[in-house]
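Heads up: the structure comes next, in structure tokens.
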Amino acid sequence: MNKWISIVVCSCFVFGLLSFSDAKKEHLKSPLNVLVFSKTDGFRHLSIPEGIKYLREISDEQSWKMTATEDASFFNVDYLKKVDVVIFLNTTGNVLNKKQEGAFENYIKRGGGFVGVHSASDTELNWPFYHELIGAQFKSHPRTQEARLIVNQNSNHPALSPLGKAWVTTDEWYSFKDAVKPYCNVLLKLDESTIKGKGNSEKSHPIAWYHEKFGGRTFYTGLGHTKEQYTSTLFREHLKHGILWAGKRYEIKVSKKWVNLLDKDLTHWERYIGVPHTSVMLPFKFPKKKDVRKGRALGLNNDPLNVFSIEKDKEGKPNLHITGEIYGGLTTKNHYQNYHFKCEFKWGDKKWEPRLNAKRDSGILFHAIGAHGAFWNVWMRSLECQVQEQDFGDFFPLSETIADIKAVKSKGGKTHVYDANAKSITSSFIGKHEAGRVRGSKNMEKPRGEWNTIEIYTIANRAVFVINGELVSALTNTRYEEGGMEIPLRGGRIQIQSEAAEAYYKSIQIRGIDDFPDKIKKLVGWL
């Protein structure tokens, strides 16, 4: 390993331990129940015993209750109810029967944690749910060799806490059959220039990631082939922190200092462009639709008309310009929870089909999870702080999301309006609840062309919308429905909409918080 990189990595490892050491007492108060499963129906890794040995060591250290087995009968509903984290340690092939698969899927959808190590991506290749869960399927690998890993410095995921900007280590580097699922948050990428042999056909080569698509927490690391990894301090800490996160003992913390999310290259964001309207002129042939909720989306990072771009203001600071010409979402690459989000917004002049004769419309989506395109073929499953003319701070639950909100019927009786003194109702478009959209308590929008300040505060399953300094809405018990179950929704990505109206954003910032300000708690009755 390069000596300079060794120094950086080791120094960051010490810092990482200091950053997360406060949580250790919490682990001892509430020990994890961990099921380590290492059954193989194909290639068997010689490192499995070393992996189990290491996991027993951290189990003793953390006072976990750990069971290591290759007996698939443990995958039954009653037993899995007791388990916090299931670890697939270098499993291969078809290791569960249909009944066991059903029990495991039920466990995940009820919020269970899952950690996949290395060849966990070479497991259950014919089971669609598992493919969605693991995020990518193994294809091939070159010979075992040293390589450089690029660490996602924008992520505050605890599995990266031991690492610096780069990590040089020896392992067997997997390539995958297809691109990693878009809802996966990539933590580590393989620098293919540092290896010999065929890599991914994709431009980037993710090697570790996480997601919460199904309600439970999933963490995958492609490392863990060699025996030596399980004696490596960095890998041991990487895996341990991944397990603790999957077991809900660590959260993804946002810096308590303001972090600016806008720069000239939009490095914190990715673009997803929806279905182009028939009126749109594209520089290439592509199917268009009059009803843009249907059809084929242009997709991820395919923005031929620069719907989202950065322009410098008079002071040289970056402003986000949204043309609105095609429905789209500018989505943070990172997952956030427990934060204060703040930005400034103003309308532009242009409007587009299919809303040419409607109000100017946009929105800020938060706690966005799952795949792009879940709602109207463009946006993710999420909660929306509406940004629409005269309707700043209205609440919309998108794609089977749900929230409880204090509200009264509007004067016309056609909708509900937030009222901190009212009884709580349930807001969802699923159809069995009292309301869909819930309007904000007051219209605080400034005249068109002026900058508005929009703020979202969120802690766990609560959120508050503040427009130009005035609280206009408050949500509790945020969740979503899938497979007949209601699953807590306490974090996710942030999306900024393009919805047929020209708009501008500046000073987009975020910081972590531990609680709502007392003033807000008093206004909403949470004191």
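The values are calculated or read from the model by the stated rules, or taken from the named source; none is laboratory data. Keep in mind that this is a model prediction, so the values were computed, not measured. Here Cβ is always computed from backbone atoms with ideal geometry, including for glycine, and neighbour counts include all displayed protein chains. Each accessible area value is taken on the protein alone, full model and side chains, heavy atoms only, with ligands, DNA and RNA left out. Shrake-Rupley method; radii C 1.70, N 1.55, O 1.52, S 1.80 Å.
With a 1.4 Å probe and every protein chain kept in, tell me what percent of the accessible surface of the chain is carbon plus sulfur.
48
Enumerate the calculated ³J(HN,Hα) couplings along segment 500-514 in order (Karplus 6.51 cos²θ - 1.76 cosθ + 1.60, θ = phi - 60°), each rounded to whole Hz, writing x wherever the residue is Gly or Pro.
6, 9, 5, 8, 9, 10, 8, 6, 7, 9, 8, 8, x, 9, 9
For SER428, list long-range residues whose amide hydrogen, built 1.01 Å from N in the peptide plane, is under 5 Å from its own amide hydrogen.
ALA435, GLY436
Using per-residue counts of other Cβ atoms within 10 Å, averaged over each peptide, order 462-472, 328-338 from highest down.
In decreasing order of mean packing, 462-472, 328-338 become 328-338, 462-472.
Taking the highest mean first, how do the peptides 46-54, 368-376 order by number of other beta carbon atoms within 10 angstrom per residue?
In decreasing order of mean packing, 46-54, 368-376 become 368-376, 46-54.
Give a residue-ordered list of calculated ³J(HN,Hα) values for segment 74-83 (Karplus: 6.51 cos²θ - 1.76 cosθ + 1.60, θ = phi - 60°; whole Hz; x for Gly, Pro).
5, 7, 10, 4, 5, 5, 5, 4, 8, 9
Can you list the residues, at least 5 places off or on another chain, whose amide H is less than 5 Å from the amide H of GLN388, using H built in the peptide plane?
Amide H to amide H, under 5 Å and 5 or more residues apart or across chains, GLN388 pairs with SER362, GLY393.
How many angstrom separate the Cα center of segment 372-410 from the Cα center of segment 189-239?
Taking the Cα centre of segment 189-239 as reference, the centre of segment 372-410 is 35 Å away.
Using the heavy atoms of the protein chains alone and a 1.4 angstrom probe, what is the accessible area of the chain per residue in square angstrom?
That works out to 43 Å² for each residue.
Defining a contact as two alpha carbons under 8 Å apart and six or more residues distant in sequence, what relative contact order in percent does segment 19-175 show?
21
Suppose we keep just the DSSP beta bridges with both residues in the chain; what percent of those would be antiparallel, to 5?
80
From the phi of every residue in segment 191-197, what ³J(HN,Hα) in whole Hz does the Karplus formula 6.51 cos²θ - 1.76 cosθ + 1.60 yield, where θ is phi - 60° and glycine or proline is x?
Using θ = phi - 60°, the values come out as 7, 5, 5, 9, 10, 10, x Hz.
Scan [x] 1.11; [y] 1.00; [z] 1.07 for the value of Cα Rg over 2.2 N^0.38 Å calculated from this model and give just the label.
[y]
Scan the chain and note any complete DSSP helix (H) whose C-alpha atoms cover at least 18 Å along its axis and whose Kyte-Doolittle average is -1.0 or more.
Membrane-span-like by this rule: 3-20, 48-62, 233-246.
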